[in-house]
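Working notes for the structure below.
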Amino acid sequence: MEHTYWHKQSTESPLFPDLLWSRPENKQLAGKLLVIGGNLHAFAAAAEAYQTALKVGVGVARVLLPDALQKTVGRAFEAGEYAPSTPSGSFSQKALSEALSLSSWADSVLLAGDLGRNSETAVLLEKFSEKYAGQLI
């Protein structure tokens, strides 16, 4: 029995061909993306997601990182926003208000990874996914 709800992309054709021809030509119409990711020891996934989003044509992108990275990343990462972190450097539950505030600005939110294995961060992500009503990737 074949499942009709599965989509399969091949190298010959894109998964959603309508998206290719309907791309906005003006950056203001191309959408806003919030990338959430990183921890004290790693933020490569969030930075890479940000760079890829800009490369493929997102209008505006911002990245929410734990404030433990602020000294390391600082002003070198222009799209960085910072939220409270745990002592181990992952997102704290106190970061929920910043995440929800920035997500109300964005059209979509991407959870990029490098979030660490902190249980408090897991609780934050669960609460965020319950409260956020937009497109979550």
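The values are calculated or read from the model by the stated rules, or taken from the named source; none is laboratory data. Please read all numbers here as calculations on a predicted model, not as lab measurements. In this analysis, Cβ positions are derived from the backbone assuming ideal geometry, glycine residues included, and neighbour counts consider all displayed protein chains. To get the accessible areas, we keep the full protein, side chains included, count just its heavy atoms, and leave off ligands, DNA and RNA. Shrake-Rupley method; radii C 1.70, N 1.55, O 1.52, S 1.80 Å.
For the cross-link pairs LYS32/LYS131; LYS8/LYS131; LYS8/LYS127; LYS71/LYS127; LYS8/LYS32, which exceed 24 Å when the distance is taken from alpha carbon to alpha carbon? Among LYS32/LYS131; LYS8/LYS131; LYS8/LYS127; LYS71/LYS127; LYS8/LYS32, the Cα-Cα distance tops 24 Å for LYS8/LYS131; LYS8/LYS127; LYS71/LYS127; LYS8/LYS32.
Each label point was placed 7 Å from the Cα along the Cα-to-Cβ direction; for THR4 and LYS32 their separation is 3.9 nm.
The phi-based Karplus calculation (6.51 cos²θ - 1.76 cosθ + 1.60; θ = phi - 60°) puts the 3J(HN,Hα) values of region 89-103 at x, 8, 5, 8, 5, 5, 7, 4, 5, 5, 5, 5, 5, 5, 5 Hz, whole numbers, x for Gly and Pro. Short-range pairs are left out: with C-alpha atoms under 8 Å and at least six residues apart, the relative contact order of the chain is 25 percent.
Length available on full extension from LEU15 to ALA133: 0.36 nm per residue minus the Cα-Cα distance, which gives 40.0 nm. Backbone geometry of region 64-70 corresponds, through the Karplus equation with coefficients 6.51, -1.76 and 1.60 at θ = phi - 60°, to 3J(HN,Hα) couplings of 9, 10, x, 5, 5, 8, 4 Hz, x marking Gly and Pro. Couplings 3J(HN,Hα) of region 82-87, computed from phi: 10, 10, x, 10, 7, x Hz, in residue order, whole Hz [Karplus 6.51 cos²θ - 1.76 cosθ + 1.60, θ = phi - 60°; x for Gly and Pro]. Computed over neighbours whose Cβ is under 14 Å from that of ALA79, the net charge equals +1, Lys and Arg +1, Asp and Glu -1.
Packing order of peptides 56-66, 36-46, 114-124, highest average first: 36-46, 56-66, 114-124 (average count of other Cβ atoms within 10 Å over each peptide's residues). Per residue, the solvent-accessible area of region 55-114 (1.4 Å probe, heavy atoms of protein chains only, all protein chains present) comes to 49 Å².
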